[in-house]
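The values are calculated or read from the model by the stated rules, or taken from the named source; none is laboratory data. Note that this is a predicted model, so its numbers are computed, not measured. Neighbour counts are summed over all protein chains in view; Cβ atoms, including those assigned to glycine, are modelled from backbone coordinates with ideal geometry. Each accessible area value is taken on the protein alone, full model and side chains, heavy atoms only, with ligands, DNA and RNA left out. Shrake-Rupley method; radii C 1.70, N 1.55, O 1.52, S 1.80 Å.
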Amino acid sequence: MSTEISLSDRIFWIGVNDRQTALFEELWPIPDGIAYNSYMILDDKVAIIDAVKDISMDRYLEKIRRLLGERRHVDYLIINHIEPDHSGGIKILREAYPDMEIVGNKKTLELLAHFYGITHNVRMVNDYDTLELGSCRLKFFLTPMVHWPETMMTYEETRKLLFSGDAFGGFGSLDNGIFDDEIRDLQSYEDEMLRYFTNVIAKYSVMVQKAISKIKDLDIAIVASTHGPVWRTRPRHAIDLYDRWSRQEAEEGFVIVYASMYGNTEKMMEAIGHALAAEKPGIIRIHNVSRSHASYIIADIWRYRAVIVGSPAYNMGLFPLMDHLLRLIENKGLKDRLIGLFGSYGWSGGAMKELTDFVGRMKWQLIEPAIEVKGSPTEEDLRKCRLLGSNMAQRLRT
Ligand SMILES: Cc1cc2nc3c(=O)[nH]c(=O)nc-3n(C[C@H](O)[C@H](O)[C@H](O)COP(=O)(O)O)c2cc1C
Ligand SMILES: [Fe+2]
Ligand SMILES: [Fe+2]
């Protein structure tokens, strides 16, 4: 990719694509990679906004050098978010440009000291402070817990760019252009934005809502986040997606998520799925927890209004991967979903109690009947499964 990608006059993208990391945060698969977006403003003063993970540093520094040309000097590094996917390269960057002042809020500077031992040549900014670069003027908006306590956004007032940190970001390296209008399969990036949002950011939905209302009156021409496309044609669209997801609004549709070692719970899932499909209620997504990575299941459960969960009993409790999935969902605090329950057991059970407890803790609405079958489902059991499917479908219609 060319090094000279400009967002506006004097403002450039100098990000790095990561196609090596298999799991983001060592948890979430990123089959299409991820971009660490970094930006550079070449004005009377030179500022870099957000750095990158400590990969491809030679290429990153080369981009900076080329853009600087004869100037050889960077005045500021603005840290919107100090998670190491945006700061791992800081020490190397500091070595290359020792005079570069590092700009962050009080919390950023604390973390900078603890993570990197950097305490000198730093500048603390407060909420709504500004920094003149020449023709560009930056204004800082503190947006804590989107996604760490120090996160903030930087707004360039004259060209109306919002450097939003992780907010409005997504998985996926930027392979065919970086702008929303250049990317042809934008829908797949939006799907990966949802998976990024739900798995990485969504626990802080309330803080995302606060951040969005804080910037709501800004005139925004470009949304430049730290991951994923730069939105210059439809900047509001990126904000609207995060707004909807962080309000936890659901689309009409169903997710059936199940586990099955020997096929008994699977038979029940099929009966439920057929009954649902017969009622044509909308999208039906089916996930086997042993085959779909939890991150994809969580993204679907976030998107759709109803979920039907099935697990066999396993060592007096839930099937382990189902247990893992439900813990992740509980940790994220997803609200207001419809849920149905089913499963099979061999002797004293254990899974259904855990499923029921989960529903109680989540305060989701349980749709009857919950079906617990000893061994293989009988015709009568399968009839109940179909009843659960049609009850769910009808509930969604109302
Ligand atoms: C490793 C293992 C552990 C199990 N633990 C329990 C248990 O603690 N309590 C129980 O009632 N059944 C237990 N079962 C029996 C299963 O829940 C039962 O066979 C069920 O029908 C399996 O459903 P499936 O065919 O969908 O995998 C266990 C089965 C296996 C293979
Ligand atoms: Fe982050
Ligand atoms: Fe990030």
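Values for this structure:
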| read-out | value |
| --- | --- |
| In segment 336-398, the trypsin sites (Lys or Arg not before Pro) that fall in loop regions by DSSP, at most 12 other Cβ within 10 Å | LYS363 |
| FRET efficiency, 1/(1 + (r/R0)^6) with R0 41 Å, evaluated for LEU27 and ASP129 via beta carbons | 0.75 |
| Tail beyond 18 Å, pair distance distribution of segment 61-128 (Cα, percent) | 35 |
| Inter-part distance where segment 142-220 and segment 356-376 are each reduced to a Cα centre, Å | 36 |
| Charge context of ASN121, other residues only, Cβ under 12 angstrom, K/R +1, D/E -1 | -1 |
| Stokes-Einstein translational diffusion, segment 201-298 - Kirkwood Rh over all Cα pairs, 0.692 mPa s, 37 °C, in µm²/s | 198 |
| Proximal lysine pairs, segment 5-246, alpha carbons under 20 Å, eight or more residues apart or interchain | 22 |
| Compactness of the chain as Cα Rg over 2.2 N^0.38 Å, two decimals | 1.13 |
| Cα-based helix-to-principal-axis angle, 205-214 vs the chain, degrees rounded to 10 | 40 |
| At 0.890 mPa s and 25 °C, Stokes D of segment 1-63 from Kirkwood alpha-carbon radius, µm² per second | 193 |
| Along principal axes, Cα extents of segment 247-384, largest first, whole Å | 42, 33, 26 |
| Long-range amide H partners of PHE171 with built H, under 5 Å | MET193, TYR196 |
| Long-range HN-HN contacts of SER225 with modeled amide H, under 5 Å | SER164, TRP231 |
| Packing rank of 282-292, 49-59, where each peptide gets the mean count of other beta carbons within 10 Å, highest leading | 49-59, 282-292 |
| Lysine pairs in segment 279-398 with Cα atoms under 23 Å, if 8 or more residues apart or on separate chains | 9 |
| Neighbour-limited loop hits for GluC sites (Glu not before Pro), segment 70-128 (at most 13 other Cβ within 10 Å; DSSP other than H, G, I, E, B) | GLU70 |
| Coil-residue chymotrypsin sites (Phe, Trp or Tyr not before Pro) of segment 345-386, DSSP, other Cβ within 10 Å capped at 10 | TRP347 |
| Estimated vicinal HN-Hα couplings, Hz - segment 172-182 in sequence order (Karplus 6.51, -1.76, 1.60; Gly, Pro = x) | x, 6, 9, 9, 10, x, 10, 9, 4, 7, 8 |
| Cα centroid separation, segment 305-346 to segment 269-297 (Å) | 14 |
| Ranked packing of 305-314, 114-123, 12-21, most packed first, by mean Cβ within 10 Å | 305-314, 12-21, 114-123 |
| Exposure rank, largest accessible area first [SER348, SER8; 1.4 Å] | SER348, SER8 |
| The chain: calculated mean residue ellipticity at 222 nm from DSSP helix runs of at least 4, using -39500 (n - 2.57) | -10500 deg cm²/dmol |
